[in-house]
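Heads up: the structure comes next, in structure tokens.
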Amino acid sequence: MLYNLREYHRPTDINEALQLLRRSDVRTVALGGGVSVVGEGEPDIEAVVDLDGLGLDFIEQQNGILRIGATVRLQTLVDEMEQVAGGLLAKAARQMAGPNIRNMATLGGALGSRKIHSPLSVSLAALQAQTEIDGQANEMPLWADLAGQIQRQGMDGHLITAVCVGLSDDPIGASYQQVGRTPADYPIVCVAAVTYPSGNGGSQVCAAIGGLTHDLIVISGLVEASIPRRSVEGIVAEVVPHEAPDTAYISDFLGSAEYRRSVAPLLTQRALIDALGQIGIQAEG
């Protein structure tokens, strides 16, 4: 519970919201769906800034770019993204939580909560999504690059206002794979893979791995049409670099570093083969 909460603000302007969040004398946090803020109930929170008045609940497509506002609910992604980006965002959003939570939780809240190894975070990394910060569209970092910074430092004084994903005119293959204590549980390790047709019958691929190292891992490459299986094996070999120290890998009550190192390449291979198969490239056996 937020026992020390004494201020509630609902600004209609992003600059006003940022001014409130950047106050040094009052511990102030952003409030989207309230799943993280209310659920975790940090006792030092004194004020919340409700983002629902900022007009960030939108999904729009223009000039080959999909732009999703920060206060879009995860259930909306499930309902409306099934035919977009290979259905990857819809599947990832469904894996985030049950329907009751999805109807409250927002895209911005899910990404700003420091849980960068979530299904949605990993899928956005595989889609090479860019992140709009504080409403500024001129400089948008890749989500995969920003995620590590958020995990270490949080988003104090800043807001994720939108996420942008480039859409392909050609059909794409997209796959999400994970291991967890149960199929519906939070993943121990998860992988998202996206494939785009390229010349000579091959494919450009991008895979993102969460739950292996403390940062997200993103690998891209070309699967050659003449040797698809060998190309996939070469990409998978990059998942666990031999020179990485043991401290680079996550080890906790969910899974040891050794377990994660063993399962991540298998999931990556499975995701790549599945995604490639969706665009007609057979990379098995």
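Six or more apart or on different chains, Cβ under 6 Å: which pairs go from a residue in the range 123-143 that's among the aromatic types (F, W, Y) to one that's surrounded by 14 or more Cβ atoms within 10 Å (Cβ to Cβ) and outside any loop (DSSP other than H, G, I, E, B)? Could you list them?
W143/L124; W143/A125; W143/T131
Does G148 satisfy the criteria of being on the phi > 0 side of the Ramachandran plot and open to solvent by less than 30 Å² (accessible area, probe 1.4 Å)?
So G148 fails the test.
Looking only at residues in the range 5-34 that are surrounded by 13 or more Cβ atoms within 10 Å (Cβ to Cβ) and of a type in the set (S, T, N, Q), which one is modelled with the highest pLDDT?
Q19
Can you work out which of the residues in the range 115-145 that are within 11 Å of the chain's Cα centre (by Cα) and either at pLDDT below 90 or in a loop (DSSP other than H, G, I, E, B) (or both) is surrounded by the most Cβ atoms within 10 Å (Cβ to Cβ)?
Here the residue is L127.
Are there any pairs, at least 6 apart or on different chains, whose C-beta atoms fall under 7 Å, with the first in the range 226-251 and under 15 Å from C206 (Cα atoms) and the second exposed (fewer than 13 other Cβ atoms within 10 Å of the Cβ), and if so, which?
Taking only residues 6 or more apart or on different chains, the pairs are P228/Q282.
Consider only pairs whose beta carbons are under 9 Å apart and that are at least six residues apart or on different chains; among these, list those whose first residue lies in the range 1-24 and is part of a loop (DSSP other than H, G, I, E, B) and whose second residue is surrounded by fewer than 10 Cβ atoms within 10 Å (Cβ to Cβ) and of a type outside the set (A, V, I, L, M, F, W, C).
N4/D44
Within the bounds of the range 106-113, is there any residue that is at pLDDT below 90 and on the phi < 0 side of the Ramachandran plot?
Yes, the range 106-113 contains a residue that is at pLDDT below 90 and on the phi < 0 side of the Ramachandran plot.
May I ask you to say which residue of A237, A248, A275 is open to solvent by less than 20 Å² (accessible area, probe 1.4 Å), out of contact with any Cys (no Cβ under 8 Å at 6 or more places or on another chain) and closer than 22 Å to H117 by Cα?
Exactly one residue qualifies, and that residue is A275.
Right, A264: within 26 Å of I150 (Cβ to Cβ) and either charged (D, E, K, R) or in contact with a Phe, Trp or Tyr (Cβ under 6 Å, 6 or more places away or on another chain) (or both) or not?
no
The values are calculated or read from the model by the stated rules, or taken from the named source; none is laboratory data. Everything quoted here is computed from the prediction, not taken from an experiment. Ideal geometry is used to build each Cβ from the backbone, glycine not excepted, and the neighbour counts take in all protein chains shown. SASA here: full protein model, heavy atoms, side chains in, ligands and nucleic acids out. Shrake-Rupley method; radii C 1.70, N 1.55, O 1.52, S 1.80 Å.
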